[in-house]
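Undergrad: Just dropping this structure here.
Laboratory data are not the source of any read-out in this text; all were calculated from the coordinates shown. Everything quoted here is computed from the prediction, not taken from an experiment. Cβ coordinates were reconstructed from backbone atoms using ideal geometry, including for glycine residues, and neighbour counts include every protein chain displayed.
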Amino acid sequence: MMETKETVLDILEEITGTDEVRENPDLDLFGEGILDSLGVVQFLVELEARCGVSVPASEFDRSRWATPRDIADRAAEWAQ
Amino acid sequence: MSAKRKLLSAVLPLMIAFALVAGAFLLAFGGVGISEQRLNTAASSLSELIIKGESVKNHGAEHPNYVLFCGSSELRRFDPFHPSVLAEKYQRWYRPFLLGTAGTQSMIHFLALQSVGDGLSGQRAVFIISPQWFQDEGLDEGSFDEFFSPIQVFEWICEDDADPVSRVYFAKRMLAFELVRQDGLLNGVFEKIAAGKTADRSEMIRCRDRLYALSAEDRLFGNFFAESHRGAIRAHMKRLPDVYDADRLDNLAFQIGERESGNNEFQIQNRYYTDRIKLRLKFFKGRQKEVSYDKSPEYGDFQLVLNEIAKNKMDVLFIIPPVNQRWAEYIGLSKDMYLRFEAKIREQLLAQGFDRILDLSRQGGEPYFMQDPTHLGWRGWVAIDRAVKPFLEEEPARGPEYKIDPYYFSDEWCGKVVSE
Amino acid sequence: MIFMSPYETPFYFIVFGIAVAPLGLLLFFGKKRLWYQCALTVFFLYMSFGGARYKQGIALAAYLIFQTALATAYFKYRQKHNAAPVFIIATLLAVLPLALVKLSPVLSESLSAAGFLGISYLTFRSVQVVVETRDGLIKEFGPLRYVLFLTFFPAISAGPIDRYRRFSGELFAPPGPDRYAELVGQGIQHIFMGFLYNYIIAHLLGHMLLPLVKEYVLSGGGFLGILYYMYVYSLYLFFDFAGYSKFAIGAACLMGYDIPPNFNKPFSSGNIKEFWNRWHMTLSFWFRDYVYMRLMLFFLKKKVFKSKVAASNLAYFALFLLMGLWHGITWYYIAYGLYHAAMICLTDAWLRFKKKHKDGLPHGRFTRALSVVITFHAVCAGFLIFSGFLNELSERM
C-alpha cells in the first residue's frame, strides 16, 4: 500500500513538473491550475501501467481527488 | 440550532414577505393618489408604462387642464415648437397629455381610450395619424407585445358594452396575436365573442378576478414610470420669443431647421442623419418602392378609435402629416400611393362626420417641415399649432354629430384601393 | 387542469409549493417519501407534457420505455461479460433518439415527432449510466430509480445534469430533519435569486433592451452597435440560464436533493478553461468526463499520437464540435464549437509557455484583472457567433 502511494507521488511529480506535490500533501491541485484534464488522463494511464491499478475516468471526481494526499489515498483504495 | 428553529428561520421571512405583498395589494384598493407635479411629468413622459397603465393616464385624460395628444414617435421629437413647449411657454389653459410612442398604432390607442371610459365624454383631443401605420400587416406582433396591456383588455371584456360589429371585430383582431392566444382564458373568451356568443359565467368571474388583481397592481406601481422630458421642455422654452406670433415662430423654425440640418440634402436633422443614415445611404436608395399604404387591417383598427370617439361624443382634431418629400423621392416611396392613402383616410373620416381635419399631406416639400424621414419637426409643429391654438383656445367646444358606419370594419374597406 | 412548462410563470411556483409541501413535511419528520415522489413526478410531467403538448408526452413515454429497457439489458449483460463492441452499441443506442431528432432537419421532418422538451438532458443522463455501468461503478440498478433519475422534474427540461450514483444515494437515504431544514433555507434563497436573475434581469435585458439594440444595429448601428448587441446578449444569456438553473436547484432543495451547481461566477474567469469550469458546469463536466477524457485515454493507451499536445488538441476539437452539433445543425453553432476549441488550444499553449517562463512574466492583481477582461470579451465574441445574429445581419444586408 505504501508502495502505491509512493508511486502515485512519483507520477504526479513527473506530470506536473513540480516537487510541490511532495512538499505539500494538501495542495489544491485543480484550484491552483497544477493539474488539468490532460494531467488526469496521463495520471490514470501511468497508474495502470506502473501499479496495474485501473481507475475509471468517471470515478475521478475532483472534489474527492483534490490533493496529492486524496489521490494517494483513493488510488490505494482502488489497489485493494 | 434545533431543526425546528432552522426550518422556521428559513420559512418565516417568506411568510412575512407574502403577508406584506398581500397587505400592500389590499391597501391599494383604497387608491393611491398622484400629485399634480407628478401628473405634469407624466403628461410629457411618453413612457410606455403610461399608455399601458390606467390610473395615471385616466387621471390625465379626465383632468380639466390636460388635453390628450394621441400619436406615435413624432411626439418624441421635442424642439422649441413641440406642442408641450408652446403650451407651457405661452401659458395656455391646457397642457398636452402625450399618449403614444414608436409603435403605438390605432389598436393600442383604442385600448387606451376605451379604458378611460366616461372620463372622455365631451372632451377635446388631438390625434396624429401616421401613414406608416397603414402597411400591409398593420400592427406587428412585436409592437403588440410591447404595448399589450392585459388590464385594458380585461376591462373591455368586463364592460362588454360595444356594439355587435365592433365586438366581433375586436375579438377577431385580438386572436390574431400570439400573446393573446397563449393566454388560455383570453383565448377562450375571445373565441366565443368572435363567434358572436358571450363568455361563460365562470370565465367572466375569472376575468373579473384578473382585472381586480391587475387594477391593484396598477394603482401600486402605475406611478413608477421613470422617463421625464421636463428638462428638455424647459430648455427649449428659453429659445422662444416672449410674445406669441405665429409668423415669427415660423421664421424662427426656418432658421433653426436650417442650422440643424446642414449636413445632408434631405433636410434631415444632422444627428439623426449621421447616426442612422449616413453610413448606409446607398442601402436606402429605392428601398421603399414596393411599400404601400393602400390595404391594411389598420383601417379597421382605426375605425375602433373612431367608434370610441363617437361613443364619448369627443371633439377631435385629426392631423394627417406628410412624409419628407426629398427623402421619399430618394427611397422611391410612391407619391401617388401616399396620396391614395390620404384620400382613403379622409373618406373614412368625412363620411362619418369627423370633419375637423388638419391635412398637411401636400406640405412634405416645404422647407424644414419634417425633422427626419417621417417625423414632423420645426415648421411642421408650427403649422400644427396654427390649427391647435384656435381649436383649443378660441372656438367653443361643440357637441359633434357622428354617423358611425360599421362598413369601415369590413375586409372590403380595409382591402380597397381608393383613388385620389 | 392548467398546462405549463417548468418555471414558465410565477403560478408554476405556487403549484409547486402546494404540491411539494406534504413531501417536505414527510421529510422533516424523517418518513419515507418514495411513493409520494412518484405521484409528484407523474403530476408534474402531466402538467408539462399534457394538454396541447400531448404528442411530446407520448414521445417522452416511448423514450423512457426504450432507455429503461436498454439500460436494464446492458446492466444485466455487464454483470457477466464486458465486450467493447456491446458497450459501443449500447452507447450508440442511448444516443440514437436524440441524434434522430437533431438530424430531422437534414434527414426527414417527421423524425422530429420523437422529440420533447428536455430530450438532450435526458440523453446526457442515459449515456452516463451506460458508461458508468461499463466502468463497473454502478453496482445497484433498478428500473424505478432509473426512471426517477431521468425524469427528476425540477431539472428535466434544462439541467443541471445530475449523476446517477449521487442521485440514487439521496433517493434512498433522505436527509434528516436537520439537513432538510438547511436545504429548505438554501432552496428558498436559490428560487428567489432565480426570480431576480430570470424574471427581472434577463427579462429587462432580453425582452426590453435587446430588441432596441437589434433595431439600432439593423438601422445602421455599425460596429459599435454589434459590440453593444454582443454585451447585452451575453449578459442576457447568463442571467436567463443561470436564473433557470437556480430555479431547478432551489426546487430540488425543497424536495430534499442537493443537486450540483451549474454556474459559478463565469464572468470572473481568468481564461477559457476556467470559464468552462464555471459556465454550464454540469454540461461541460459531462463532455469532459465522457468525451474528452475517454478519447484521451484511448489515444494515450494506444499511443495513437506521438505528441500528447496534439492528442489533447484533437480531443478538444472533437468535444467542442460535438457540443456545437448538439446545439443544432447550423453553421453558426458549429462555428461556435470550433471557435471555443481553437480558444482552448491557444489557452493551453499559453499556459505551457507561462509554466516555462514563470519568472520572466509579471504576475499580480493587474495581470489577473486584464486576463478577466480579455476572457470576458473572448467569451462574449463566442456568444455573438452563437446568437445567430451575424447570420441575420448578413442576410439583411
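Undergrad: Determine the gain in length on full extension of the stretch C:PHE11-C:LEU227; use 0.36 nm per residue of separation and subtract their C-alpha separation, reporting nm with one decimal.
TA: 74.1 nm
Undergrad: Round to the nearest 0.05 the FRET efficiency obtained for B:TYR212 and C:GLN79 when R0 = 56 Å and r is the Cβ-Cβ distance. Could the numbers behind the result be given before it?
TA: Values: r = 63 Å, r/R0 = 1.12.
Plugging the Cβ-Cβ distance into 1/(1 + (r/R0)^6) gives 0.35.
Undergrad: Within segment B:271-299, find all residues whose amide N lies under 14 Å from a label point positioned 7 Å from the Cα of B:ASP140 along Cα-to-beta-carbon.
TA: Taking a point 7 Å out along Cα→Cβ of B:ASP140, the residues of segment B:271-299 whose backbone N falls under 14 Å are B:291-292.
Undergrad: Return the long-range amide H neighbours of B:ILE128 (sequence gap of 5 or more, or a different chain), with a cut-off of under 5 Å between placed amide H atoms.
TA: Sorted by chain and number, the residues that satisfy this are B:CYS70, B:GLY71, B:ILE319.
Undergrad: How much length, in nm to one decimal, is gained on full extension between B:ASN251 and B:SER2, taken as 0.36 nm per residue of separation minus their Cα-Cα distance?
TA: Extending this stretch completely gives an extra 81.5 nm.
Undergrad: Can you list the GluC sites (Glu not before Pro) in segment B:193-277 that are in a DSSP coil and have 15 or fewer other beta carbons within 10 angstrom?
TA: Here the GluC sites (Glu not before Pro) that fit, given the DSSP loop and packing criteria, are B:GLU227, B:GLU265.
Undergrad: Hydropathy at least 0.0 by Kyte-Doolittle, axial extent at least 24 angstrom from the Cα trace: which helices of chain B, defined as entire DSSP H runs, fit?
TA: Result, helices passing both filters: B:3-28.
Undergrad: Assuming a viscosity of 0.890 mPa s and a temperature of 25 °C, what translational diffusion coefficient in µm² per second does Stokes-Einstein assign to chain B, Rh being the Kirkwood radius over Cα pairs? Don't skip to the answer; put the middle values down first.
TA: Details: Rh = 23.1 Å.
Taking Rh from Cα pairs, D becomes 106 µm²/s.
Undergrad: Next question, about the same structure. Taking the Cβ of C:TRP350 as the center, what net charge do the other residues with Cβ under 14 Å away carry, scoring Lys and Arg +1 and Asp and Glu -1? Before the final figure, lay out each step's value.
TA: Details: positive: C:LYS273, C:ARG352, C:LYS354, C:LYS355, C:LYS356, C:LYS358; negative: A:ASP36, C:GLU274, C:ASP348.
Charge balance near C:TRP350 sits at +3.
Undergrad: Now, a different point. Give me the percent of DSSP beta bridges within the protein assembly as shown that run antiparallel, rounded to the nearest 5.
TA: Given both bridge residues lie in the protein assembly as shown, the antiparallel proportion sits at roughly 5 percent.
Undergrad: Could you sort the peptides C:49-61, B:143-155 by per-residue average Cβ neighbour count (10 Å cutoff), highest mean leading?
TA: Put in order of decreasing packing, that is B:143-155, C:49-61.
Undergrad: Something else: Once you place label points 7 Å from the Cα toward the Cβ at C:ILE88 and B:ALA343, how far apart are they in nm?
TA: Calculated label separation equals 7.7 nm.
Undergrad: Still on this structure, please answer the following. Within segment C:4-43, which chymotrypsin sites (Phe, Trp or Tyr not before Pro) sit in a loop by DSSP and count at most 12 neighbouring Cβ atoms inside 10 Å?
TA: Passing both the DSSP loop test and the Cβ count: C:PHE29.
Undergrad: Using the Cα atoms of chain C to build a convex hull, what is its mean projected area in square nanometres?
TA: Spelled out: convex hull of the Cα atoms, projected over all directions, averaged, 23.0 nm².
Undergrad: Please state the shape class of segment A:2-79: rounded when a/c is under 1.5, otherwise prolate if a/b exceeds b/c and oblate if not, all from the C-alpha gyration tensor.
TA: Details: a/c = 1.39, a/b = 1.22, b/c = 1.15.
Rounded.
Undergrad: If each residue's Cβ is checked for other Cβ atoms within 10 Å, how do C:MET4, C:MET281, B:MET370 rank with the fewest at the top? Please list the in-between numbers first.
TA: On the way: C:MET4 15, C:MET281 21, B:MET370 34.
The most exposed by this proxy come first: C:MET4, C:MET281, B:MET370.
Undergrad: Which stretch or stretches of segment C:17-43 have amide N atoms under 14 Å from the point lying 7 Å from B:LEU14's Cα along the Cα→Cβ direction?
TA: C:17-28
Undergrad: Tell me, in nm to one decimal, what length is gained between B:LYS285 and B:PHE224 on full extension, where the rule is 0.36 nm per residue of separation less the Cα-Cα distance? All intermediate terms of the calculation are to be shown ahead of the outcome.
TA: Working: separation 61, 0.36 × 61 = 21.96 nm, distance 4.26 nm.
Contour length minus Cα-Cα distance gives 17.7 nm.
Undergrad: So, one more: Taking R0 as 45 Å, what FRET efficiency do you get between A:ARG50 and C:ALA335 from their Cβ-Cβ distance, rounded to the nearest 0.05?
TA: 0.60
Undergrad: Considering just Cα atoms, how many Å³ per residue does the convex hull of segment B:1-117 enclose?
TA: Measuring per residue, one finds 167 Å³ for the Cα hull of segment B:1-117.
Undergrad: Just to verify a number: FRET efficiency for C:ARG166 and C:ALA21, C-beta to C-beta distance, R0 = 35 Å, to 0.05?
TA: On the way: r = 25 Å, r/R0 = 0.72.
In this case the efficiency is close to 0.85.
Undergrad: Now for a different question. Using Cβ contacts closer than 10 Å as the measure, can you line up B:VAL168, C:VAL20 from fewest to most?
TA: On the way: B:VAL168 17, C:VAL20 21.
In increasing order of surrounding Cβ atoms, one gets B:VAL168, C:VAL20.
Undergrad: What relative contact order, as a whole-number percentage, does chain C give when Cα pairs under 8 Å and 6 or more residues apart are counted? The partial results should precede the final answer.
TA: Details: 428 pairs, mean separation 58.4, N = 397.
Relative CO of chain C lands at 15 percent.
Undergrad: While we're here: Over the residues of segment C:4-51, compute the C-alpha Rg and express it relative to 2.2 N^0.38 Å.
TA: The value comes to 1.22.
Undergrad: Over segment C:56-173, what relative contact order in percent results from Cα pairs under 8 Å that are six or more residues apart?
TA: 31
Undergrad: For a distance above 42 Å, tell me the whole-number percent of Cα pairs in the protein assembly as shown that qualify.
TA: Distances greater than 42 Å cover 49 percent of the Cα pairs.
Undergrad: What number, rounded to the nearest 500 deg cm²/dmol, is the helix-based mean residue ellipticity at 222 nm of the protein assembly as shown, given -39500 (n - 2.57) per DSSP H run of at least four residues and division by all its residues?
TA: Only helices count here, giving -18500 deg cm²/dmol.
Undergrad: As a test of understanding, state the convex hull volume per residue of segment C:266-396 from its alpha carbons, in Å³.
TA: Convex hull volume per residue, Cα atoms: 124 Å³.
Undergrad: Another question about this same structure. In nm, to one decimal, how far is the modelled label at B:TYR407 from the one at A:ARG64, with both set 7 Å along Cα→Cβ?
TA: Result: 8.3 nm between the two label points.
Undergrad: Follow-up question, since we're still on this one. Percent of alpha carbon pairs in segment B:108-191 separated by more than 15 Å?
TA: So the pairs more than 15 Å apart make up 63 percent of the total in segment B:108-191.
Undergrad: For chain C, the longest stretch holding no GluC sites (Glu not before Pro) located in a DSSP loop with at most 13 other Cβ atoms within 10 Å is which?
TA: Details: sites that count: C:GLU8, C:GLU140.
After excluding every exposed loop site, the longest remaining stretch is C:141-397.
Undergrad: Go through segment C:327-376 and name the trypsin sites (Lys or Arg not before Pro) that are in a DSSP coil and have 15 or fewer other Cβ atoms within 10 Å of their Cβ.
TA: Taking segment C:327-376 and a limit of 15 other Cβ atoms within 10 Å, the loop trypsin sites (Lys or Arg not before Pro) found are C:LYS358.
Undergrad: Sort out for me the Cα centre separation of segment A:24-58 from segment C:208-270, rounded to whole Å.
TA: If you average the Cα positions of each part, the centres end up 34 Å apart.
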